[in-house]
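What follows is one structure encoded as structure tokens, with my remarks underneath.
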Amino acid sequence: MIRIVTKFSFHIKEALSTIDCQPIKGCSAIPLRSGKRYGTILSMDYRIYFRNYPTPSGEFGPYGGAYLPPELEQVFTDITLSYKTICHSAQFITELRRIRKEFQGRPTPVYHCQRLSQIVGSGCQIYLKREDLNHTGAHKINHCMGEGLLAKYMGKKLLIAETGAGQHGVALATAAAHFGLECEIHMGELDIAKEAPNVTRMKILGAKVVPVTVGQKTLKEAVDSAFESYLKQYHDAIYCIGSVVGPHPFPMMVRDFQMIVGLEAREQFLDMTGNLPDAVCACVGGGSNAMGIFCGFLNDPVPLYGVEPLGKGKHVGEHAATMTYGTPGILHGFKSYLLQEDDGSIMPVHSIASGLDYPGVGPEHAWLRDNGRVEYVGANDSDAVNAFYDLSRYEGIIPALESAHAIAFGMKLAKERDSGTILINCSGRGDKDIDYVIANYPR
């Protein structure tokens, strides 16, 4: 697995773009905090982590797997075998490199936020990994183009997906147009109204947008609807899951495609500063952008922070903070932490950011949390709005509300330090959110 992702990098200095390169201080393994929920302490050598996780059956410790209806078991086996075949293919690797460089605009830069750092006023310096500068405006295009290539290899004609904030939908519609495939995007009715600019973009790109009008009419229901549609047409379609969630192989596959974010960021930060960052932050809903950047630093002595949406409060239906309030369970074909009642029914969730209001989290995040390698923290709606405006007005960068959660926590963390550096994954731009923010939080 580790060789697969290394080949995805198109850097000239490919020797630096490997996940198992020696850390700056010669550290061979990371000292782990005890897992907060169960007191778990595991010895983990992250130099070989990607060779061992997930297991062949798609498990990250007790999480992950593939909980599928019988009619889909062979389908997902075929997807797994196809992915494991093409990710070692020189033709696939060469084409993905070309797409990333010529179509997506990679590598995206690391940027020093000098004015924002001054406003924080502690001496700690804030940096952004600018995934908002990807074509289509977010990190989602990283895995969508890979999934599109996989669909072409498998002879599929239709890409099916869910979307919350619309960034995955736009990216997949873009991939479908690029590869000459049909595209069907399922989106909650509330999110359609909230993220209208992205809905328009999907339609212009030729995608069929399917409104979901049941339940909370947001991301969880969109996933339910997309799975139902996929069950009816899996012979001709592939369900391109939009995060590191779902049945195996999608948590692994999306992670592998997103790993380029961390590989680039590590190399770029070293080139810029001569050191590794003192902390890395990323927002976490399902967790694809966070896994992408964390992968570049797992074997380094760098604290990693996943920032969840604390929403409006700690009561049921006021947040989507799965790691903070969730318990292990099964949803949408995989096992992980979920926001659920004692009887296993899923709780209602809320976040100002449509891409974060999901009642679960990727199984690899659950595994890294229990191991103590990643600390999961939170930012509420108000924090995110403040960070949205601060980055816009002090740096001229309008972030997605999802990314604003990570920026809010990064600024808070910087205020607690008198020196050092913090690298934040700016996973998307805020074009999609500007009408909503101005209408509801004008300043």
Query raised in the report: When H319 is evaluated against the numbered criteria (1) assigned to a helix (DSSP H, G or I); (2) farther than 20 Å from D370 by Cβ, which criterion, by number, is the only one it fails?
Result: (1)
Requested in this report: Could you list all residues from the stretch 371-397 that are closer than 19 Å to V349 by Cα, assigned to a helix (DSSP H, G or I), in contact (Cβ under 8 Å) with a residue 40 or more places away in the chain and among the polar types (S, T, N, Q)?
Outcome: none
Report task. Would you check if K129 is free of Cβ contacts under 8 Å to residues at least 40 places away in the same chain and not in a loop (DSSP other than H, G, I, E, B)? Result -> no
Requested in this report: Kindly indicate the residue of the stretch 247-275 that is under 30 Å from E71 (Cβ atoms) and in contact with a strand residue (DSSP E or B) (Cβ under 9 Å, 6 or more places away or on another chain) and also surrounded by the most Cβ atoms within 10 Å (Cβ to Cβ) among those meeting that condition.
Outcome: P251
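Conditions (1) touching a helix residue (DSSP H, G or I) at 6+ places or on another chain (Cβ under 9 Å); (2) buried (at least 20 other Cβ atoms within 10 Å of the Cβ), marked per residue:
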{"site": "H332", "(1), (2)": "yes, yes"}
{"site": "I346", "(1), (2)": "yes, no"}
{"site": "V361", "(1), (2)": "yes, yes"}
{"site": "G372", "(1), (2)": "no, no"}
Query raised in the report: Taking the stated definitions as given, is G410 under 14 Å from D278 (Cβ atoms), at pLDDT 95 or above and crowded, with 21+ Cβ neighbours inside 10 Å?
Result: yes
Query raised in the report: Say we look at the stretch 285-299 and pick out the residues that are in contact with a strand residue (DSSP E or B) (Cβ under 9 Å, 6 or more places away or on another chain) and within 15 Å of K129 (Cβ to Cβ); which of these is surrounded by the most Cβ atoms within 10 Å (Cβ to Cβ)?
Result: A290
Query raised in the report: Of the residues D236, D278, D224, which single one is surrounded by fewer than 21 Cβ atoms within 10 Å (Cβ to Cβ), closer than 22 Å to P309 by Cβ, out of contact with any helix residue (DSSP H, G or I) (no Cβ under 8 Å at 6 or more places or on another chain) and in contact (Cβ under 8 Å) with a residue 12 or more places away in the chain?
Result: D224
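Could you grab me the full set of residues in the stretch 353-370 that are assigned to a loop (DSSP other than H, G, I, E, B) and either of a type outside the set (V, I, T) or on the phi > 0 side of the Ramachandran plot (or both)?
Of all residues in the stretch 353-370, those assigned to a loop (DSSP other than H, G, I, E, B) come to 353, 357-359, 361-362.
Answer for the stretch 353-370, where residues must be assigned to a loop (DSSP other than H, G, I, E, B) and either of a type outside the set (V, I, T) or on the phi > 0 side of the Ramachandran plot (or both): A353, D357, Y358, P359, G362.
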Query raised in the report: Are there any pairs with C-beta distances below 9 angstrom linking a residue in the stretch 352-365 that is free of Cβ contacts under 8 Å to residues at least 60 places away in the same chain to a residue that is aliphatic (A, V, I, L, M) and crowded, with 24+ Cβ neighbours inside 10 Å, with the two at least 6 apart or on different chains, and if so which?
Result: I352/A384; I352/L401; I352/A404
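Being assigned to a helix (DSSP H, G or I), surrounded by fewer than 18 Cβ atoms within 10 Å (Cβ to Cβ), among the small types (G, A, S) and free of Cβ contacts under 8 Å to residues at least 12 places away in the same chain narrows it down to one residue among A193, A177; which is it?
Details: A177 fails: free of Cβ contacts under 8 Å to residues at least 12 places away in the same chain.
Of the residues listed, the single one that is assigned to a helix (DSSP H, G or I), surrounded by fewer than 18 Cβ atoms within 10 Å (Cβ to Cβ), among the small types (G, A, S) and free of Cβ contacts under 8 Å to residues at least 12 places away in the same chain is A193.
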Query raised in the report: Can you spot a residue in the stretch 73-85 that is surrounded by 16 or more Cβ atoms within 10 Å (Cβ to Cβ), in contact with a Leu (Cβ under 7 Å, 6 or more places away or on another chain) and of a type in the set (G, A, S)?
Result: yes
Report summary line: By residue number, the members of the stretch 194-236 that are out of contact with any strand residue (DSSP E or B) (no Cβ under 8 Å at 6 or more places or on another chain), over 23 Å from G430 (Cα atoms) and among the charged types (D, E, K, R) are E228, K232
**Report entry** Hits in the stretch 413-443 - residues which are within 17 Å of L304 (Cβ to Cβ), out of contact with any Lys or Arg (no Cβ under 8 Å at 6 or more places or on another chain) and either assigned to a strand (DSSP E or B) or modelled with pLDDT under 95 (or both)
**Finding:** T421, I422
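The values are calculated or read from the model by the stated rules, or taken from the named source; none is laboratory data. Note that this is a predicted model, so its numbers are computed, not measured. FYI the Cβ positions are ideal-geometry reconstructions off the backbone, even for glycines, and counts take in every protein chain you see.
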